[in-house]
Amino acid sequence: MDSNSKKYKETEKSQSVGEEAVLYQPKSNLDAEIQDDFWDEIPEQVKQLIEISLKQSNQGLGKPHSQIMAEARKKYNLT
């Protein structure tokens, strides 16, 4: 076995161990990591727009998803 094959096997082994460790993390930890990573990576302007949208939603402005889907189905003759 040459050195490249050994390196590949070691890398493959370490990745599978890392993946296994993820399998045993509580779901809440994984969700928190995903949310933190996503929020930290989006531009500041997008964050501000999301916050504005959430405030509008909390104030009752906007339409429920079911209503939007019903309007789209009617408009585009979808079943």
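The values are calculated or read from the model by the stated rules, or taken from the named source; none is laboratory data. Source: prediction; values computed, not measured. A quick note on method: Cβ atoms are made from the backbone with ideal geometry, for glycine too, and the neighbour counts reach across all protein chains shown.
Evaluating residue 76 against the criteria (1) modelled with pLDDT of 95 or more; (2) under 21 Å from the mean Cα position of the chain (by Cα); (3) among the hydroxyl-bearing types (Ser, Thr, Tyr) leaves one unmet condition, (2). Taken over the stretch 63-79, the criterion of being hydroxyl-bearing (Ser, Thr, Tyr) and either touching a residue at least 60 places away in the same chain (Cβ under 8 Å) or in a helix (DSSP H, G or I) (or both) is satisfied by 66 alone.
Here residue 60 fulfils each of the conditions (1) at pLDDT 90 or above; (2) surrounded by fewer than 10 Cβ atoms within 10 Å (Cβ to Cβ); (3) in a helix (DSSP H, G or I) apart from (3).
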